[in-house]
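Right, one structure below, let's go through it.
Rule-based calculations on the coordinates, nothing more; no lab input. Given the structure is predicted, the values throughout are model-derived calculations rather than measurements. Positions of Cβ are generated from backbone atoms using ideal geometry, with glycine treated the same way; all protein chains shown enter the neighbour counts.
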């Protein structure tokens, strides 16, 4: 029995219902009602025109519950509009034998609608800033133009920020997130009178519906086209949520890499910073890293293990709170994968390249999980979220033996595959294994598509494994030409490095804190110091906020006020007695 999809557009959004020609409308209503704000069947009106007052185009939902999809002449992809009588909308109670649908509305694109963007969603400042721009790429008058200074032609008219030729000419591998957003807005929301707003961003869903009420037994004893996910074709993602990663100073990265230099052990850290506009890409975004926080971990020469530590859970919440008051937040993770070349000249082995892997399969899945835990908030999606701006940076060897950072994100499709538990690691680091179906997981047909050397698109079955690169998006990396970091270069001791033992004799304790304060005086602009001193709980909340405000503003009057507070005087007394 062939399946089909019917689309219902209401003020709550776009609702896609899987059904069959023989299904009666009652089964469709059972799925539709929970999605609506008004669930009174007598007050729900269906129409094939959102602005029509013609009763021949409208019908009460309650009057067609016993009719089948076939009897109503509905086809795959047909779009019906929902209105409510209690909103003073037109009343039409005439019972119809069919609902005529315009054949131009048969697209099955997975989209959602509402009256407009979700203004209650709090986006990042960089998103609000870029929302105000059209992103059009201005071009000067060229020798090809045949008009005056106030004219415009095809050779000098502005280009859209997603223009493919511009991207190729300027070696831009991916269009930016906001260029993609604008492209989707142009595609779905035409600037026409009475046109309905369609949310342009949606995350794919590859999970099977374990609560399908189409009349069959729950999966795995029963299954239908309504509850099972559609076949999946993976392609290299054409856009990226973040275009560039910038460390605000060399010192931040050097201090992190020094762990490996001193011990030979690999290291993991969280990147704290903010997102800003990136002008080298139309409507681009860059992540600016101001600090790396290192959680508890067991480090080894060939890997590391993060420790499940209840104390760290509390510490992490405190760190996030302090960071928020400084205007920064987690923007990603970083880890080392370094092996000395043995040549005695400081070079390292190049292990990650196009003929091996950029991230291993387990690293891709780890990165995807971090992204899922840190979703991108947007008012242009029906649920307020779309993909993630969270970054994974690996410090490894370049082709000339140099130590270099390389940054990646997992694609939107990759996140969805991980959410649905459809993939896992394999024995080949470069290959992703497609899981088998089980009692709670249905795995649809998965293929990946790429362009071969002849410029032709070819599809390949992704089972049992497929290249991990199909789930990756690469970013560029750099340091600023004129550094202006939030924190100074004379950092306090970095947390959770006790494992180094005799290699690192200085730990975070009262003695080293006292030494730091004596040497630094008012020059205490350091994130690690700030976290440790607030963790001591000697300063009260107001005094802690004053310290944070001083580090943020560098206003010396705030420092003078701080050092005369009771909490600060108590801290100095305790430090003097303990040294």
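Helix 310-326 against the longest principal axis of the chain: what's the angle in degrees, Cα atoms only, rounded to the nearest 10?
For 310-326 against the chain, the angle is about 90 degrees.
Need one number: nm distance between label points at residue 84 and residue 355, each 7 Å from Cα along Cα→Cβ, rounded to one decimal.
With each label placed 7 Å out from Cα toward Cβ, I get 6.4 nm.
Separation between the residue 71 and residue 478 pseudo-spin-labels, each 7 Å from Cα along Cα→Cβ, expressed in nm?
6.7
Which FRET efficiency value, to the nearest 0.05, is calculated for residue 187 and residue 509 with the Förster distance at 45 angstrom and r the Cβ-Cβ distance?
So the FRET efficiency works out to roughly 0.15.
By how many nm would the segment from residue 217 to residue 452 lengthen if fully extended, with 0.36 nm per residue of separation less the alpha-carbon distance?
Gain on stretching residue 217 to residue 452: 80.2 nm.
Which residues does a label at residue 555 reach in segment 316-352, if reach means a backbone N under 15 Å from a point 7 Å past the Cα toward the Cβ?
Only 326 pass the distance filter.
Fewest to most neighbouring Cβ within 10 Å: what's the order for 226, 168?
168, 226
So how much slack lies between residue 159 and residue 311, counting 0.36 nm per residue of separation and subtracting their Cα-Cα distance, in nm?
Roughly 49.5 nm would be gained on extension.
Please give the helix 361-373 orientation as an angle from the longest Cα principal axis of the chain, in degrees from 0 to 90, rounded to the nearest 10.
Rounded to the nearest ten degrees, it is 80.
At a Förster distance of 35 Å, what's the computed FRET efficiency of residue 141 paired with residue 277, Cβ-Cβ distance as r, to 0.05?
0.85
Given the peptides 389-397, 562-570, 327-335, 531-539, arrange them by the average over their residues of other C-beta atoms within 10 Å, most packed first.
Top of the packing list down: 389-397, 327-335, 531-539, 562-570.
Per DSSP helix of 4 or more residues, -39500 (n - 2.57); summed, then divided by the residues of the chain. What does that give at 222 nm, rounded to the nearest 500?
-7000 deg cm²/dmol
Between helix 541-553 and the chain, what is the angle of the helix's C-alpha long axis to the longest principal axis, kept within 0 to 90° and rounded to the nearest 10?
With rounding to tens, the tilt is 90 degrees.
Rounded to the nearest 0.05, what FRET efficiency do residue 542 and residue 133 have when you use their Cβ-Cβ distance and R0 = 45 Å?
Calculated transfer efficiency: 0.65.
Give the label of the value calculated from the structure for semi-axes √(5λ) of the Cα gyration tensor in Å, choosing from [x] 51, 29, 28; [y] 38, 30, 26; [z] 38, 33, 22.
Working out semi-axes √(5λ) of the Cα gyration tensor in Å from the coordinates points to [x].
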